[in-house]
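Below: the structure, in structure tokens.
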Amino acid sequence: MKQVWIDCDPGHDDALTLLTAIAHPAELSILGISTIGGNQTLEKVTRNAQNVLAFVNADIPLIKGEPGPLTKPLNTAPEAHGDSGMDGPFFQGSNYPLVAENFLQYMYEKMKAAPEKVTIVGLGPLTNIALLLKAFPEIQEKIDCISLMGGGLTHGNITPLAEFNIYVDPEAAQIVFQSGIPIVMAGLDVTETAEITVEEIQSLRKKGKVSNLAYELLNFYNQSGRQFGFVNSPIHDLCALAYLLQPEMFRGEPQAVQVITDDGLARGLTFADKRRNSTLSKNTLVLEAVNRTAFVELLVQALEKLDDLQ
Ligand code: RIB
Ligand code: CA
């Protein structure tokens, strides 16, 4: 049983990742979920998280984090996720409760009180996680690993060189990568191959209440992905969680990963120092490949589990 904290910016792939996590209570004890401005504004991504958690009658603490990055204004991604940040499904609107406390203090207390070391799952810009490490350096002793979707060693998506989550807050990302905490990096090199096909998306339709929600999410996300040249849909964020549940479906390599924080074309670029005489710690397991069939099967089975509980 892993004690996990999930930080997210729902976002279609964030939502599918939350559902998959909730479907694995025997493997994951979710201490809490925090939201971060990213795909859309903090208000919108928080409302999206509330809608997803209410949809499956979850009982998990949900708390709003930072509205935006450490040093620059937030640039959202409406072109990818729509004006709501999670266009496609219609939600009745939920009053899923929000924890009304200082989010850093709350995250710290929950992790400090956890019976075992905690795994943080980062699905959006890394602002909240960086602030936690800066505000409470001693919490590092309670963190087993940070499994994050972000970056890439060969290309970007929001720019030719930078991936969106890192690009939104490179300063925060550098704090996290340089913390010395073991990191699992699900970057674009692997996440863009972790895709669900159009046929697999269609097979979710009207299969069950939660499977159909996934269909509605993915149907929008698939259409939206066409503008970026995708035919099938990469479920980026789910890679960071799937590794925790079934690491054997991935192949990866320990690397010393750094982030470019300068302004200019390379801002947000993540790179590995592969020099033979590098003295940097190879604390980041960079995921390079995934068994796509097993990856999709993990999602499908999670949705079926949740369907059976409705
Ligand atoms: O680049 C992909 C990442 O950006 C994913 O986390 C997606 O949700 C968006 O936030
Ligand atoms: Ca995300």
One residue is enough: does the stretch 61-83 have a residue meeting the conditions under 15 Å from the mean Cα position of the chain (by Cα), within 16 Å of ligand 1 (Cβ to nearest atom) and of a type in the set (Val, Ile, Thr)?
no
For the stretch 182-200, enumerate the residues that are buried (at least 20 other Cβ atoms within 10 Å of the Cβ) and either within 24 Å of residue 84 (Cα to Cα) or hydrophobic (A, V, I, L, M, F, W, C) (or both).
183, 184, 185, 186, 188, 190, 191, 194, 195, 196
Need pairs with beta-carbon distance below 7 Å; first residue at positive phi and within the stretch 63-86, second of a type in the set (A, V, I, L, M) and crowded, with 21+ Cβ neighbours inside 10 Å; sequence gap 6+ or separate chains.
85/45
When both residues are 6+ apart or on different chains and their Cβ atoms are under 6 Å apart, which pairs have a first residue that lies in the stretch 117-131 and is more than 14 Å from residue 237 (Cβ to Cβ) and of a type in the set (Ser, Thr, Tyr), and a second that is away from ligand 2 (no atom under 13 Å from the Cβ) and part of a strand (DSSP E or B)?
119/2; 119/4; 119/144; 119/145
In the stretch 106-142, residues that are surrounded by 20 or more Cβ atoms within 10 Å (Cβ to Cβ) and not in a helix (DSSP H, G or I) total 9
Flagged in the stretch 1-40 as assigned to a loop (DSSP other than H, G, I, E, B) and more than 13 Å from ligand 1 (Cβ to nearest atom), in numbering order, are 1, 23, 24, 25, 26, 27
Looking only at the stretch 280-291, count every residue that is more than 22 Å from residue 240 (Cβ to Cβ) and either surrounded by 17 or more Cβ atoms within 10 Å (Cβ to Cβ) or at pLDDT 95 or above (or both) and tell me the total.
0
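The values are calculated or read from the model by the stated rules, or taken from the named source; none is laboratory data. Keep in mind that this is a model prediction, so the values were computed, not measured. FYI the Cβ positions are ideal-geometry reconstructions off the backbone, even for glycines, and counts take in every protein chain you see.
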